[in-house]
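Everything on this sheet refers to the single structure shown next.
The values are calculated or read from the model by the stated rules, or taken from the named source; none is laboratory data. In this text the structure is predicted, and so the values were computed from the model without any measurement. Please note: Cβ atoms are built from the backbone with ideal geometry, for glycine as well, and neighbour counts cover all protein chains shown. Remember, those area values only see protein heavy atoms, side chains included, never the ligands or the DNA or RNA. Shrake-Rupley method; radii C 1.70, N 1.55, O 1.52, S 1.80 Å.
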Amino acid sequence: MSKALLDSLVRRIRSQGPITVADYMSEALSHPQHGYYQTQDPFGRAGDFITAPEISQMFGELIGLWCADTWQAQGSPPSCALVELGPGRGTLMSDILRAARTLPGFEQTLEVHLVETSPALRRLQQENLAGRTEPTWHEDLENLPQRPTFFLANEFFDALPVHQYQRSETGWHERLVGLSDDGQNLAFGLSGALPDSLCNDLPECSPGDVVTVCPAARSYAAIMAKHISQYGGAALCIDYGHDHTAAGDTLQAVKQHKYHPVLQDPGDADLTAHVDFAALCNAAKSAGAQTHGPVGQGAFLKALGIETRAALLGESATPDQRAAIAAALQRLTESEQMGTLFRVMAITAAQAPTPAGFPVTEADCTEGRASG
Ligand code: SAH
């Protein structure tokens, strides 16, 4: 365990005063030497948590087919970009590219871009994608290729830094990270009262309620929406979260598959907050795009045919492999597992047809695109 990050945060707070929760989260996850994503390979069975693409190849394959289908529905444009945000080990991209081959012509149109801040994970992505693609890496969404773009983000938005605000009898305060009484550890505190003008966007709350807000997520959604409106393509965002903006302290830490105190062992535990999908949708719509969903991950994957894919894989599998495929199918789709809590939303240009896996909109019906 590294105490270096804790020590550096304690020194910083001692000299400069308490920091915001967003500053804490971004140091804990992305500090250049001691941040969680700089030092660890947190994914998979041996890591702290397991993500959908690491559970089964079916997840990425279906998303690859979704991209190919959406590309075709938009008139098969001849040169496109695939941009993945927070690609982890590169497993999702690898499965997407394999599946993309099944639609003739699609893979050849694709340029692959990865948005990743961690040098350690960039190396892992390069290794895992060698022979399949030579991606271009980016720190953020500036300098995107000017062509139709398919954005993919699985468990990316939940890792972006959040601010937290707490309501008191007299007004709103920002939640801050300061020092414990002994001055050696971290502890939550509150700022002084904030001006009303800063709090206009916060939902109605009772005293004591905490609200979790992620400006970075809104800004990423707006950039993707603007790009898609201008050049075409679509975005698919999958995350643990809620469909409506509401009060809640959703910041959580996980270490070795167990919840962990948020301010303990910074840099050694994963930190996430639930994604506010209503805020993402509003940001995308304000930028002129159309949004679809959110729908549950289970419903989405079933609409794309995950049960048929599982049966097909099972035909050529050993009994052990068949049991693993069935277990993965359950894990990805069942309500008490990832099927409902994980939400899927898409962004397309305002006039684009509804992509597969989402309920058709009125615009599709009036333009005769409904498939029944
Ligand atoms: N999508 C992967 C990994 C999810 S974990 C999967 O499903 O397995 C979050 C990923 O986002 C990691 O790759 C992490 O390094 C990256 N990341 C976190 N914050 C980031 C930021 N601000 N900008 C770019 N990438 C970030």
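Out of all the residues in region 146-163, which are closer than 15 Å to ILE223 by Cβ and open to solvent by 40 Å² or more (accessible area, probe 1.4 Å)?
Going through region 146-163, the residues closer than 15 Å to ILE223 by Cβ turn out to be 146, 149-153, 156-157, 160.
Passing the criteria: only GLN146.
Go through HIS260, HIS173, HIS163, HIS227 for me and flag whichever is over 16 Å from the mean Cα position of the chain (by Cα) and under 21 Å from LEU341 (Cβ atoms). Give the derivation first.
Values: HIS173 fails: under 21 Å from LEU341 (Cβ atoms); HIS163 fails: under 21 Å from LEU341 (Cβ atoms); HIS227 fails: under 21 Å from LEU341 (Cβ atoms).
Answer to the selection: HIS260.
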Identify, by number, the condition in (1) in contact with a Ser or Thr (Cβ under 7 Å, 6 or more places away or on another chain); (2) of a type in the set (Gly, Ala, Ser); (3) buried (at least 22 other Cβ atoms within 10 Å of the Cβ) that ALA279 doesn't meet. (3)
Is it fair to say GLY288 is on the phi > 0 side of the Ramachandran plot, loosely packed, with under 15 Cβ neighbours inside 10 Å and not basic (Lys, Arg)? yes
Residue, nearest to HIS244 (Cα to Cα), within region 329-345, restricted to residues that are touching a Ser or Thr at 6+ places or on another chain (Cβ under 7 Å) and crowded, with 23+ Cβ neighbours inside 10 Å: MET345
From the list PHE151, PHE188, which residue is part of a strand (DSSP E or B), within 16 Å of the ligand (Cβ to nearest atom) and at pLDDT 95 or above? PHE151
All positions within region 176-198 that are in contact with a Leu (Cβ under 6 Å, 6 or more places away or on another chain) and surrounded by 18 or more Cβ atoms within 10 Å (Cβ to Cβ): VAL177, LEU186
Count, please, the residues in region 131-144 that happen to be surrounded by fewer than 20 Cβ atoms within 10 Å (Cβ to Cβ), modelled with pLDDT of 95 or more and away from the ligand (no atom under 11 Å from the Cβ). 1
Those residues of region 111-121 that are more than 9 Å from the ligand (Cβ to nearest atom) and surrounded by fewer than 16 Cβ atoms within 10 Å (Cβ to Cβ) come to a total of 1
Complete set of residues in region 192-221 that are within 27 Å of ARG12 (Cβ to Cβ) and in contact with a Lys or Arg (Cβ under 8 Å, 6 or more places away or on another chain): VAL210, VAL211
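Looking at region 342-360, which of its residues are part of a loop (DSSP other than H, G, I, E, B) and at pLDDT 95 or above? Reasoning before the result, please.
Just the residues of region 342-360 that are part of a loop (DSSP other than H, G, I, E, B), to begin with: 350-360.
Hits for region 342-360 are ALA350, ALA352, PRO353, THR354, PRO355, ALA356, GLY357, PHE358.
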Applying the selection to region 227-248, what residues are of a type in the set (D, E, K, R) and crowded, with 18+ Cβ neighbours inside 10 Å? ASP239
Can you name every one of the helices (runs of 4 or more DSSP H) wholly within region 20-79 that holds 1 or more residues which are open to solvent by 40 Å² or more (accessible area, probe 1.4 Å) and touching an Asp or Glu at 6+ places or on another chain (Cβ under 7 Å)? 57-73
Cβ pairs under 7 Å, 6+ apart or interchain, first in region 101-127 and in contact (Cβ under 8 Å) with a residue 12 or more places away in the chain, second polar (S, T, N, Q) and not in a helix (DSSP H, G or I), ordered by first then second residue, are GLY105/SER76; THR109/SER79; VAL112/THR133; HIS113/THR136
